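A.B. asks: Let me begin by handing over the structure; questions about it come next.
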Amino acid sequence: MDGYTTPEWGAYQELSLHRVMLLDRVRTDAYRAAIERGVRPGDVVLDIGAGTGILSILAARAGASTVYAVERTRIHEFAQDLVEDNELEARVRVIHSDIESVTLPEPVDVIVSEWMGGIGVDENLLAPVLQARDRWLKPGGRMIPARVAGWLAPAHDREQDDEMRFWASGHYGVDLGLVADCTTQEHLWNRNVAPADLLAEPQRMWDLDAHSLPLAQAEKDFTARLTFVTRRPGRFNGLAAWFDADLGGVRLTNAPDAPDTHWGRFVFPLDDTVEVDAGTRIETEHSCDPAGPGYTHHRWAVRIGDGNWQYHDTRGAVI
Ligand SMILES: C[S@@+](CC[C@H](N)C(=O)[O-])C[C@H]1O[C@@H](n2cnc3c(N)ncnc32)[C@H](O)[C@@H]1O
């Protein structure tokens, strides 16, 4: 096993995870609006990581003459049935394949893909999307999403405080301190961080243009070194992170001040919760490293004022 924190990407073959994404109306309505804007009658569309086929169906409804719906897991069988239930099998071709090894009969006008994890790049699907762009997108073709930025801010994650107290409490008569130790080396996902929980002005970690970003850059680590100054006193126990995507004139984000999505926010925890004053300098380094198909590792380091750096690494949860 790679570690406690290795995500089970095989979950994408199960309908249960796709049900969560379909139920996320903020996400799916944003894609629907973007597809209605970005797909013109007669376009040929490539849907990368088609899942249940929802985006392919929306592209066909928007007037695409042909949609190639490429999906690596067995959920492709469900996509085929859903396409047939919606009487679109003449225009939507479901292909069971990794996008990297697919051969299409023609170049495409539009590539649509929902490749974002909680901070955008963390599902390691961007590089395969850009590889497909370089192979299959016509010159001047359109990418949905067009841009995706990652954002970071020092924060107080209240749930984390509650959970840490629980792990330290000796519940069930068992020393569960190891859970707390491992938790500080994990990125915590789907956290309910609100704007009032942020201690400083958020800053952009990176801003990626899907039309022009070189594939080689997407295959490397995404790193950011940022310095924050707190705007108020408060409790500090993690770095909150999220993405902000431009789907081509339609915004989709899991930012703390935006409508809730199934992503929630990511939090990269500190060793402990600390009290900070207004005007405290917080230096951060964050890196999201491609690790394998479908997942990444994270490293983050934090220094408060003139204190020592503390280092965290999702590989640190491995024993
Ligand atoms: C976030 S889901 C999106 C599913 C669907 N497009 C939607 O919007 O509901 C990403 C999908 O990409 C698929 N996927 C990931 N890597 C892939 C690859 N290299 N080639 C083809 N499909 C891939 C996953 O199995 C998963 O179904």
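The values are calculated or read from the model by the stated rules, or taken from the named source; none is laboratory data. If you're wondering where the values come from, they're calculated on a predicted model, not measured in any experiment. Glycine also receives a Cβ, built like all others from the backbone with ideal geometry; neighbour counts cover every protein chain displayed. Surface accessibility is based on the protein's heavy atoms, side chains included, excluding ligands, DNA and RNA. Shrake-Rupley method; radii C 1.70, N 1.55, O 1.52, S 1.80 Å.
A.B. asks: Which order do the peptides 279-289, 117-127 come out in when sorted by mean C-beta neighbours inside 10 angstrom, highest first? Walk me through the numbers on the way to the answer.
C.D. replies: Numbers: 279-289: 18.5, 117-127: 23.9.
Packing order, densest peptide first, comes out as 117-127, 279-289.
A.B. asks: Given contacts defined as C-alpha pairs under 8 Å and at least six residues apart, what's the relative contact order of the chain, whole-number percent?
C.D. replies: The normalised contact order for the chain reaches 19 percent.
A.B. asks: Still on this structure, I have one more. Output ³J(HN,Hα) for region 274-289: one whole-Hz value per residue in order, computed from phi by the Karplus curve 6.51 cos²θ - 1.76 cosθ + 1.60 with θ = phi - 60°, and x for Gly and Pro.
C.D. replies: 10, 8, 10, 8, 4, x, 6, 7, 10, 9, 9, 10, 9, 9, 10, 10
A.B. asks: Could you go through region 146-151 in sequence order and give the Karplus-derived ³J(HN,Hα) for each residue, using 6.51 cos²θ - 1.76 cosθ + 1.60 with θ = phi - 60°, rounded to whole Hz, and x for Gly and Pro?
C.D. replies: Taking θ as phi minus 60°, the curve returns 8, 9, 9, 10, x, 10 Hz for region 146-151.
A.B. asks: Which angle from 0 to 90°, rounded to the nearest 10, does the C-alpha axis of helix 126-136 make with the longest principal axis of the chain?
C.D. replies: Between helix and principal axis, roughly 20 degrees.
A.B. asks: Once Lys and Arg get +1 and Asp and Glu get -1 on their Cβ, which of HIS96, ALA194, LEU130 lies farthest toward the positive end of the dipole of region 59-196?
C.D. replies: In region 59-196, that residue is LEU130.
A.B. asks: When the dipole is taken about the Cα centre of region 22-89, and only Lys, Arg (+1) and Asp, Glu (-1) are charged at their Cβ, what size is it in debye, to the nearest 20?
C.D. replies: 360
A.B. asks: Still on this model: Which percent of the accessible area of region 202-256 is formed by carbon and sulfur heavy atoms (probe 1.4 angstrom)?
C.D. replies: Carbon with sulfur: 47 percent of the solvent-accessible area.
A.B. asks: While we're on this one: What does the C-alpha gyration tensor say about the overall shape of region 253-317? Classify as rounded when a/c is under 1.5, otherwise prolate if a/b is larger than b/c, or oblate.
C.D. replies: Working: a/c = 2.53, a/b = 1.24, b/c = 2.04.
Since a/c reaches 1.5 but b/c is at least a/b, the shape of region 253-317 is classed as oblate.
A.B. asks: Could you work out [θ]222 nm for the chain from helices alone, using -39500 (n - 2.57) per DSSP H run of at least four and dividing by all its residues? Round to the nearest 500 deg cm²/dmol.
C.D. replies: The per-residue figure over the chain is -6500 deg cm²/dmol.
A.B. asks: Label region 41-117 by shape, choosing from rounded, prolate and oblate, from the square roots a ≥ b ≥ c of the eigenvalues of the Cα gyration tensor; if a/c is under 1.5 it is rounded, and otherwise prolate applies when a/b is larger than b/c, oblate when it is not.
C.D. replies: rounded
A.B. asks: Moving on. In whole Hz, with x marking every Gly and Pro, tabulate ³J(HN,Hα) for region 173-189 from phi via Karplus 6.51 cos²θ - 1.76 cosθ + 1.60, θ = phi - 60°.
C.D. replies: Along region 173-189, the couplings run x, 10, 6, 9, x, 4, 4, 4, 4, 5, 4, 6, 9, 10, 8, 9, 10 Hz.
A.B. asks: Under a plain spin-label model, where a point goes 7 Å from the Cα along Cα-to-Cβ, how far apart in nm are VAL26 and SER212?
C.D. replies: 3.0
A.B. asks: Can you list the residues, at least 5 places off or on another chain, whose amide H is less than 5 Å from the amide H of SER97, using H built in the peptide plane?
C.D. replies: GLU71, ARG72
A.B. asks: What's the carbon and sulfur percent of region 135-188's accessible surface, probe 1.4 angstrom, rounded to a whole number?
C.D. replies: 58
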